[in-house]
Amino acid sequence: KAYVRDMETPLLCPALAPAWLEATRVEGDDAKRIAAYQAVLRLMPPGHRALAERLFGFLHVLASFEAQNKMGAKNLALVWAPNLLSPRGDAFFDAARVQLVNHLVEYFIVHYERVFQSHAARAKVQDVVEL
């Protein structure tokens, strides 16, 4: 978590904050929201996108053990969200935006395989589970 928190440019790229917030507000079926998230993911630098895929894959697996660790997707989102979009020490978000970012992170954890939509992503998650 410290590595992600101390990144020079936060993982989800503050320059993309308006796009993330707009995608989070997409209403209708999940397919529309997932398409909006995927469009923003494609705008991320490749290294950030790859790290996001790995991180959310790990958090997805971690959330699957909620009965043992008490850390479901909602709790993980509350812990991780502040470190993923806002630069360290920046009060960029008001309370409503904080809720949207928490929702974004929770959504990525719960719907990891659909958002990142790759067989490689599913294989990476399976590798973590088998450890």
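The values are calculated or read from the model by the stated rules, or taken from the named source; none is laboratory data. Model, not experiment: these values are computed from the prediction. Using ideal geometry, Cβ is built from the backbone for each residue, glycine included, and neighbour counts are taken over all protein chains shown. Accessible surface areas use protein heavy atoms only, side chains included; no ligands, DNA or RNA. Shrake-Rupley method; radii C 1.70, N 1.55, O 1.52, S 1.80 Å.
Out of all the residues in the stretch 26-69, which are aliphatic (A, V, I, L, M) and free of Cβ contacts under 8 Å to residues at least 24 places away in the same chain?
VAL26, ALA31, ALA35, ALA36, ALA39, ALA50, LEU62, ALA67
Out of the residues in the stretch 1-12 that are under 19 Å from LEU59 (Cα atoms) and free of Cβ contacts under 8 Å to residues at least 40 places away in the same chain, state the one that is most open to solvent (accessible area, probe 1.4 Å).
Out of the qualifying residues, it is TYR3.
In the stretch 64-79, which residues are crowded, with 17+ Cβ neighbours inside 10 Å and touching a Phe, Trp or Tyr at 6+ places or on another chain (Cβ under 9 Å)?
Of everything in the stretch 64-79, those that are crowded, with 17+ Cβ neighbours inside 10 Å and touching a Phe, Trp or Tyr at 6+ places or on another chain (Cβ under 9 Å) turn out to be ALA73, ALA77.
Of the residues that sit in the stretch 3-21 and are modelled with pLDDT under 90 and of a type in the set (A, V, I, L, M), which one is farthest from GLU106 (Cα to Cα)?
Residue satisfying both the conditions and the ranking: ALA17.
Any residue that is assigned to a helix (DSSP H, G or I), open to solvent by 40 Å² or more (accessible area, probe 1.4 Å) and touching a Leu at 6+ places or on another chain (Cβ under 8 Å) - is there at least one of those in the stretch 22-44?
Within the stretch 22-44 (the criterion being assigned to a helix (DSSP H, G or I), open to solvent by 40 Å² or more (accessible area, probe 1.4 Å) and touching a Leu at 6+ places or on another chain (Cβ under 8 Å)), the answer is yes, since at least one residue qualifies.
Out of the residues in the stretch 93-112 that are surrounded by 14 or more Cβ atoms within 10 Å (Cβ to Cβ) and of a type in the set (D, E, K, R), which is modelled with the highest pLDDT?
GLU106
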